[in-house]
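The values are calculated or read from the model by the stated rules, or taken from the named source; none is laboratory data. In this text the structure is predicted, and so the values were computed from the model without any measurement. Note: ideal-geometry Cβ built from the backbone for every residue, glycine included; neighbour counts use all protein chains shown.
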Amino acid sequence: MTDRKAAFDLEAFMTPLDPAWTEPTDEQLQQFRKRLRGVVASFADGISVRDTSPGAAHEELPVRSTPDWKLAMLRALRVARDEAEAMNEEYARGAGAGGVGYPELGAAWGISRQAARKKWPGAVVAINSHANKEPIEFNAFGGNARIEWHPEDGGWWWIAQAANGRHEDAGDKVTYDTSQEAAAAAGAFLAANARPTANGDST
């Protein structure tokens, strides 16, 4: 037993799989909707003031056909929505703490990585708090650039001065998921501004 425990690779086990899921089939979606509807309807039965015990309604007019029960169902759906919002926050941060980035979080929720960063700000910071995020500086095309990690945004940012004297940065609302992406953007700026304009002025 000791040998089996020693052979277990925890780091490999906790490494996120890619892809993390497969798209649900139509049959799976139908089954899920049916189960979800049943769970919410059962909760609505519990908060409804209508008597749902056997014999409380005419066999041709079930309790769940009444307008007030439908209002109870609507209230139950609101509770389900609020709980889903709380759960998505919990699991997004849990995934982020386990090594998942904003592109993957966005894909799981069906939104862009920028939207994911806005929806769950700081969710990816936890995985990088212990990592080496020292600034990176490089020279290219006669200019220089600096790549920095912004923990509050959970991404990389760049600032650069080109050979023609022009200064530029990624912008206040732009960060990149990897230092390589930020460096590529900075490099593209340096390349585009490697020389003065035709009249000799900087652009």
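A few points about this structure:
- Looking only at region 115-149, and only at residues there that are polar (S, T, N, Q) and modelled with pLDDT under 80, the one that is surrounded by the fewest Cβ atoms within 10 Å (Cβ to Cβ): Asn132
- Within region 150-164, the set of residues being at pLDDT below 90 and in a loop (DSSP other than H, G, I, E, B) comprises Pro151, Glu152, Asp153, Gly154.
- In region 80-92 there is at least one residue matching the filter, namely being under 12 Å from the mean Cα position of the chain (by Cα) and surrounded by 16 or more Cβ atoms within 10 Å (Cβ to Cβ).
- Members of region 7-42 found to be among the acidic types (Asp, Glu) and under 22 Å from the mean Cα position of the chain (by Cα), listed by number: Asp18, Glu23
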